[in-house]
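Here's the structure we're looking at; comments come further down.
Derivation of every value follows stated rules applied to the coordinates shown; laboratory data play no part. Remember, predicted model here, so these are calculated numbers, not experimental data. Cβ: placed from backbone, ideal geometry, glycine included. Neighbour counts: every protein chain shown.
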């Protein structure tokens with residue numbers, strides 16, 4: 001309300017400055033209808049605004065003046081000096097009240113009845129009263145032409161580019177410290193001016209959302225539906241011109257959600273939902289994009305019906321429709337002339353709307369994304385770029401090409417080296433594991449068909465759907481760039497958010513992190529937001545790896561238990577010590593297999609881990625990552641199969657990781673270190689080390705740099721060594737030397753293992 005009141009004060013003052021002269025000129029030329037119309041519009045606007053802002057004094061004065069001016073317009077009164085003086089008195093009092101409201105002071109209203117009475121036809125002629133001075137605060141706003149703001153923005157953009165060019169020139173040579181300091185001050189000033197100029201065109205998106213409650217109320221009442229509208233992010237700022245361009249597309253989308261998406265109260269009860277549908281309209285800023293999302297908890301889009309309608313309208317042949325992916329079929333909703341309604345109503349059925357919505361949004365450099373959940377609702381995400389904005393970016397290189405990435409979308413940048421960063425293939429999906437966190441991997445060189453080599457650098461990118469690793473060749477620089485929409489053909493690829501001109505003068509494209517994820521086909525686990533009015537809790541499914549096993553069966557296992565998928569030579573697999581074992585580097589881990597692989601030279605294995613121990617599972621081929629359904633048909637009997645699930649209409653056996661780990665002598669992934677304080681006889685290395693390592697310890701005779709032992713072993717007659725680890729002493733005699741002797745007989749294996757477990761620190 002404060003913003004509206006300030007806008008009303010500014011508009012009223014601006015009009016008052018010109019209206020007094022118009023009234024005087026109208027007195028000299030009573031037949032001038034244009035001046036009379038201008039005066040009438042002023043008092044009519046003031047009266048209408050006062051009713052909304054609850055300003056009764058202004059409403060009473062403006063209403064009285066409006067009645068008199070209406071009588072003059074109808075020819076029932078003739079303007080004379082007395083009438084003009086009375087109208088001037090009303091206008092002066094309106095100005096005084098506006099100033100008092102702005103200053104926060106009170107103004108006596110005892111003479112306002114006399115001002116209104118002076119408008120009557122039989123009122124005595126009065127001289128115009130001098131306006132009483134009221135403390136008026138200095139105006140803090142000024143109205144500017146939008147073209148002037150555009151010119152300011154363009155000039156600011158050129159200034160930023162010139163600053164970048166100057167900085168690049170200075171970096172190439174020896175710089176005088178005084179010049180460098182001056183450049184630093186210039187950069188700070190330019191950055192401050194940049195932010196100020198950018199804000200001149202910004203307006204809260206509430207101006208776009210404010211009309212929605214009434215529209216939702218009227219539309220839902222017309223369709224006999226109950227809809228609860230929730231608006232979020234109304235304080236997000238968007239370019240004023242962009243707000244105007246978004247009005248019609250947003251209205252189309254809201255009406256479609258109510259008409260096509262949200263069911264009637266009876267249908268919602270039958271589906272186990274609340275009778276009142278929920279419609280959420282939200283806005284948020286993400287880098288150089290404004291994301292406007294419209295979501296409902298209705299029935300979603302019936303893709304099969306859309307496909308049938310497309311075939312009926314002969315938009316595509318049956319062969320083309322059958323070959324389409326699910327995402328392509330969903331996009332048919334944007335086809336011109338296509339509607340899921342069989343009959344035409346005042347709200348829908350003409351096939352005009354969604355195609356116009358997408359065309360209008362794409363015309364301003366935006367795009368529309370649909371996230372359909374049949375039976376649960378639809379999310380429509382509109383990505384709108386800021387027409388002219390200066391963005392902080394990271395410049396990355398792929399081959400000889402350079403691209404910009406918004407810094408707001410980047411979580412971190414890591415090099416692919418060491419044990420903390422690992423690249424793997426799970427089926428045909430590339431993944432990156434960074435400090436134990438696995439995420440999808442998209443190689444920019446592979447995506448753009450530049451190179452298929454493994455990327456040396458990973459840019460961890462955050463999107464609304466989730467995080468993923470973007471593989472690039474190099475990270476070159478950071479720059480603040482002016483971003484503008486690219487051509488429609490470039491934007492249609494879905495991987496770019498705009499274009500820019502950096503300081504070297506060569507055009508460069510700005511990458512769209514969310515668009516890259518969509519084009520690469522990345523799938524993230526959905527995150528459900530808590531809904532206070534929804535009684536049904538939405539539980540996300542468990543991601544799993546679907547694979548073909550060695551016996552020909554198609555099976556699945558939870559993705560969380562898989563550390564990596566890798567091919568191994570069958571020569572590394574041996575049946576030894578009563579179990580199948582796999583040699584991997586310097587380690588030997590248990591292997592589980594349900595089929596014969598003797599004829600293979602190489603076999604794929606799943607490296608499984610529970611965080612503390614690991615084992616391997618031999619498979620024929622990894623297929624893809626899927627989401628496990630909630631319904632599982634349990635298996636009969638014991639074994640590594642937990643049950644059967646239905647995936648894409650096919651029965652798939654589900655592996656039970658608990659049964660695997662509980663039934664196998666798994667190897668500890670990070671076994672505790674036991675320091676053997678050898679005495680030179682070789683007994684500890686020969687007799688003791690194999691027994692301890694079979695019990696889960698890693699035995700060493702000396703510690704590497706930075707390594708810490710969990711426990712140490714020493715013979716009673718060996719010279720003691722300094723160590724921070726607790727020491728278990730071994731004796732050669734069977735019997736202890738008194739009650740105070742805590743040593744362990746060196747061949748008492750159970751007592752030795754128990755003592756090590758009791759003493760170790762890790």
query: Which value at 222 nm does the chain reach when only helices count, each DSSP H run of 4 or more adding -39,500 (n - 2.57), with the total divided by all residues and rounded to the nearest 500 deg cm²/dmol?
result: -10500 deg cm²/dmol
task: Give the Debye-formula value of log10 I(q)/I(0) at each listed q (0.14 Å⁻¹), with one equal scatterer per alpha carbon of the stretch 204-385, two decimals each.
output: -0.79
- prompt: Once the piece of chain linking residue 449 and residue 37 is laid out straight, how much longer is it, given 0.36 nm per residue of separation minus the C-alpha distance between them?
  reply: 141.7 nm
- prompt: For 250, 330, what ranking results if the residue with the fewest other Cβ atoms within 10 Å of its Cβ goes first?
  reply: 330, 250
message: I'd like the FRET efficiency for residue 360 and residue 477, computed as 1/(1 + (r/R0)^6) with the beta carbon distance as r and R0 of 35 Å, rounded to 0.05.
response: 0.45
- line: Of all DSSP beta bridges with both partners in the chain, the antiparallel percent, nearest 5, is 80
Nitroxide proxy distance, nm - points 7 Å out along Cα→Cβ at residue 519 and residue 737: 7.8
message: Given points 7 Å out from each Cα along the Cα-Cβ axis, report the residue 691 to residue 727 separation in nanometres with one decimal.
response: 2.1
query: Can you give the percent of C-alpha pairs in the stretch 152-258 whose distance is more than 24 Å?
result: 52
- prompt: In units of 2.2 N^0.38 Å, what is the alpha-carbon radius of gyration of the chain?
  reply: 1.39
field: R0 of 51 Å, Cβ-Cβ distance residue 411-residue 44: FRET efficiency to nearest 0.05
entry: 0.40
task: Please give the contour-minus-distance gain from residue 271 to residue 574: 0.36 nm per residue of separation, less the Cα-Cα distance, rounded to one decimal in nm.
output: 103.5 nm
- line: Row for the stretch 209-315, column shape: gyration tensor on C-alpha, a ≥ b ≥ c, rounded if a/c < 1.5 i.e. under 1.5, prolate if a/b over b/c, else oblate; value oblate
message: So if each residue of separation counts as 0.36 nm, and I subtract the Cα-Cα distance between residue 587 and residue 96, what length gain in nm does that give?
response: 167.8 nm
Förster-model FRET efficiency, 22 Å R0, residue 162 and residue 202, C-beta, rounded to 0.05: 0.35
query: How many nm separate the modelled label positions at residue 54 and residue 76, each set 7 Å beyond the Cα in the direction of the Cβ?
result: 3.3
